[in-house]
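Below is one structure, written out as structure tokens; comments come after it.
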Amino acid sequence: WLIARVGALPATSIGWFRAGVGFYNKKKYNFSIECLKRAVELDPLNYNAFQIMARACIAVNRRDEAIEALKQSVKLDNPTDWQLLVELTSQKGNPISETDIVR
């Protein structure tokens, strides 16, 4: 899609992250997820990408992927995702344990 519409692809994690946010804002959640996955491949410390990826996954009912993204985000010391992580894992009937985060 990016090649067809823009004629180029991002070369950096930040570029992929910003493209993912753009797709997220346009409610193109699957495109957003793919961009954000690329962003974290290039920079696995980008907790913002994990944060938005989780929300995009929730929007398309990919709860398990959302939980994994949130776990990565909180492992990177992003305290804002704890609430959503607890809520999602509680809904699933599979509460998160401390060892899930420490691993």
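The values are calculated or read from the model by the stated rules, or taken from the named source; none is laboratory data. Here the structure is a predicted model, which means the values were calculated and not measured. Methodologically, a virtual Cβ is constructed for each residue, glycine included, from the backbone with ideal geometry; neighbour enumeration extends over all protein chains shown. Ligands, DNA and RNA are excluded from the accessible area calculation, which covers all protein heavy atoms including side chains. Shrake-Rupley method; radii C 1.70, N 1.55, O 1.52, S 1.80 Å.
In the range 61-83, what residues are open to solvent by 50 Å² or more (accessible area, probe 1.4 Å) and in contact (Cβ under 8 Å) with a residue 24 or more places away in the chain?
Within the range 61-83, 62, 63, 65, 72, 75, 77, 80 qualify.
Within the range 22-39, track down each residue that is open to solvent by less than 40 Å² (accessible area, probe 1.4 Å), closer than 22 Å to residue 88 by Cα and not polar (S, T, N, Q).
Result: 33, 36.
Restricting to the range 41-95, name every residue that is of a type in the set (A, V, I, L, M, F, W, C) and not in a helix (DSSP H, G or I).
Within the range 41-95, 45, 60, 76 meet the criteria.
Might you check whether a residue that is more than 20 Å from residue 2 (Cβ to Cβ) and modelled with pLDDT of 95 or more occurs anywhere in the range 32-44?
yes
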